[in-house]
1. Calculate the dipole size of the chain relative to its Cα centre from +1 charges on Lys and Arg beta carbons and -1 charges on Asp and Glu beta carbons; express the result in debye to the nearest 20.
2. Determine the relative contact order of the stretch 16-90: mean sequence separation of Cα pairs under 8 Å and six or more apart, normalised by residue count, in whole percent.
3. Hey, rough spin-label estimate for V35 and E49, points 7 angstrom out along Cα→Cβ, what's it come to in nanometres?
4. Identify the chymotrypsin sites (Phe, Trp or Tyr not before Pro) of the stretch 1-53 meeting these criteria: DSSP loop state and at most 12 other C-beta atoms within 10 Å of the C-beta.
5. Going by average Cβ neighbours within 10 Å, how do the peptides 35-43, 17-25 rank, with the highest at the top?
6. Which order results if E6, E49 are arranged by neighbouring Cβ count within 10 Å, fewest first?
7. Out of (1) 15.7; (2) 16.1; (3) 15.1, which label holds the value of Kirkwood radius over Cα pairs in Å that was computed here?
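What follows draws every value from the coordinates through simple rules; no lab data is involved. Bear in mind that the values here come from a model prediction, so they are computed numbers and not experimental data. Neighbour counts are summed over all protein chains in view; Cβ atoms, including those assigned to glycine, are modelled from backbone coordinates with ideal geometry.
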Amino acid sequence: MRYYKEEASAWGSAPEPSHTPLAIAAMPRDLGVPVPRLVRERNNLVRWEQLTAGGHFAGWEQPGLMVEDLRAAVPVLRAARATSSAAAADRPAPGR
């Protein structure tokens, strides 16, 4: 309940852009289907994988597929983090 109360004033407004590297594994039977264009607009998307099976509880439904995807995503995220950390050092601090 606290989340809804504290965040209610921000509903409908555009979220702050995120520079944190993001990897998505989209499941064909998930409850909410992410839209790549919308994800890219506000996130540092470094990997998008459209999985062949799974739904909202993909780790339970398709554990092997999830492990395979995580193993493939971690090196990509680590490399992107190293790159984004170097870029962040060149970026001015917020509010300056």
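1. 280 debye
2. The normalised contact order for the stretch 16-90 reaches 36 percent.
3. Distance between the two pseudo-spin positions: 2.5 nm.
4. W11
5. Working: 35-43: 11.7, 17-25: 15.6.
Top of the packing list down: 17-25, 35-43.
6. Neighbour counts put them in this order, fewest first: E6, E49.
7. Here Kirkwood radius over Cα pairs in Å agrees with entry (1).
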